[in-house]
1. I'd like the residue in the stretch 67-109 that is of a type in the set (S, T, Y) and surrounded by 15 or more Cβ atoms within 10 Å (Cβ to Cβ) and, out of all such residues, is modelled with the highest pLDDT.
2. With the condition kept exactly as written, say whether any residue in the stretch 54-65 is more than 22 Å from A216 (Cβ to Cβ) and either assigned by TED's automatic domain parsing to the domain that holds V162 or polar (S, T, N, Q) (or both).
3. Working carefully through the options F225, F193, find the one that is in a helix (DSSP H, G or I), among the aromatic types (F, W, Y), crowded, with 21+ Cβ neighbours inside 10 Å and out of contact with any Lys or Arg (no Cβ under 8 Å at 6 or more places or on another chain).
4. Does the stretch 66-78 contain at least one residue that is part of a helix (DSSP H, G or I) and in contact (Cβ under 8 Å) with a residue 60 or more places away in the chain?
5. Of L160, L178, which residue is hydrophobic (A, V, I, L, M, F, W, C), in a helix (DSSP H, G or I) and either surrounded by fewer than 19 Cβ atoms within 10 Å (Cβ to Cβ) or modelled with pLDDT under 90 (or both)?
6. Restricting attention to the stretch 50-65, and to residues there that are free of Cβ contacts under 8 Å to residues at least 40 places away in the same chain and part of a helix (DSSP H, G or I), which single residue is nearest to L118 (Cα to Cα)?
7. Hey, D281 hits all of (1) surrounded by 15 or more Cβ atoms within 10 Å (Cβ to Cβ); (2) under 16 Å from M217 (Cα atoms) but one; which does it fall short on?
8. Does the stretch 44-65 hold any residues that are basic (K, R) and crowded, with 17+ Cβ neighbours inside 10 Å, and which are they?
Amino acid sequence: MVEHGIEATQAIVTLDVPLPGIIWGWMITLNMWAKSIGTGVVLVGAFLLHRHKKEDMPNLRWMMPLISFIALNVFLFFTLIDLHQPLRMINIFLNPNWSSAITVGAWMASLFTGLITLMMAIGFLDQHPDFGRHIGIAKSIREKSDLYDKVFPFVVFLALPVTMYTAIIMAQSSARELWVGAPEMIQMLLAAFMVGSATLVLISEKWSPDVKKDLAMILAFSVAFSFTMYMGEYFFSFKAAEVEATLAFVHSGGEYNTQFWFAMVLGYIIPFVIAKGSMRDYNPTLMRLAAITTLIGLYMAKDVWLKIPQLLPLS
């Protein structure tokens, strides 16, 4: 809305009109959730491969990049369609602005996805040598199978900033005191370990008992630390009046109170109790339940934490 013009400088003074309601909705929630899975399986997989022999996890080298590839493409797809002008995204690559967290994140995510694709191809041919022989490339792939191990460290390195860079974008949002860079980065890293371990639990039926107990340990510790951070914000957040006003939406009687606590119980408390018990005596049925509730609960928690700051008027 134009308030007035300045004739001498041809400048136009406008009044900013805030957009009402929630702008970052379920697409961004799904974006962050899928990205956590795509990076989390890599981070947890790297830990397991460091501690155990690959023979203890017969399908990990193939399933890990496959799951990551699918999740990352979901993340990139919903990032693209949420843009008002999706075709302008090509400018990030043709005319990059390296001071922008979006530009840096897009380049890292694209490189990460490319390397994951290479790992997925090698892992698939290692897992299905008959297919490789059928198309006549199995021999060359097997001769260069160490390429997987050479690429993997770079993928693990990129997984860390790729899973956390969204926190920087959120922290740059004006007048959103709940989204503080450092805590959000830690929460996103913990989210990656949560859903990374939960996803691998679902494909670990033939893995060794020691590997399964390590998965239970990672799930238990990640949900415990993440839950502690949420409770710290919920009960002891006095750093700004806006934070208190924002958290009123999840405090008793708030609009998102039920969803918040349902997410905490489903995604954090239940998985912690089950995973802690499975660290000693692994129960595959209960651990699969914990994995599913973790995946659902994290989505709900991310959804609440993304939406409630947008409900507070900026004026």
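1. Within the stretch 67-109, the first condition is being of a type in the set (S, T, Y), and the residues that meet it are 68, 79, 99-100, 103.
The next check asks that each one be surrounded by 15 or more Cβ atoms within 10 Å (Cβ to Cβ); those that pass are 68, 79, 103.
Working: S68: 94, T79: 77, T103: 79.
Among those residues, the one meeting the criterion is S68.
2. Filtering the stretch 54-65 for residues more than 22 Å from A216 (Cβ to Cβ) gives 62, 65.
From what's left, either assigned by TED's automatic domain parsing to the domain that holds V162 or polar (S, T, N, Q) (or both): 62, 65.
Within the stretch 54-65, one or more residues are more than 22 Å from A216 (Cβ to Cβ) and either assigned by TED's automatic domain parsing to the domain that holds V162 or polar (S, T, N, Q) (or both).
3. Checking each option against the conditions leaves just F193.
4. yes
5. L160
6. K54
7. With (1) surrounded by 15 or more Cβ atoms within 10 Å (Cβ to Cβ); (2) under 16 Å from M217 (Cα atoms) applied to D281, the lone miss is (1).
8. Across the stretch 44-65, the qualifying residue is only R61.
The values are calculated or read from the model by the stated rules, or taken from the named source; none is laboratory data. Here the structure is a predicted model, which means the values were calculated and not measured. Positions of Cβ are generated from backbone atoms using ideal geometry, with glycine treated the same way; all protein chains shown enter the neighbour counts.
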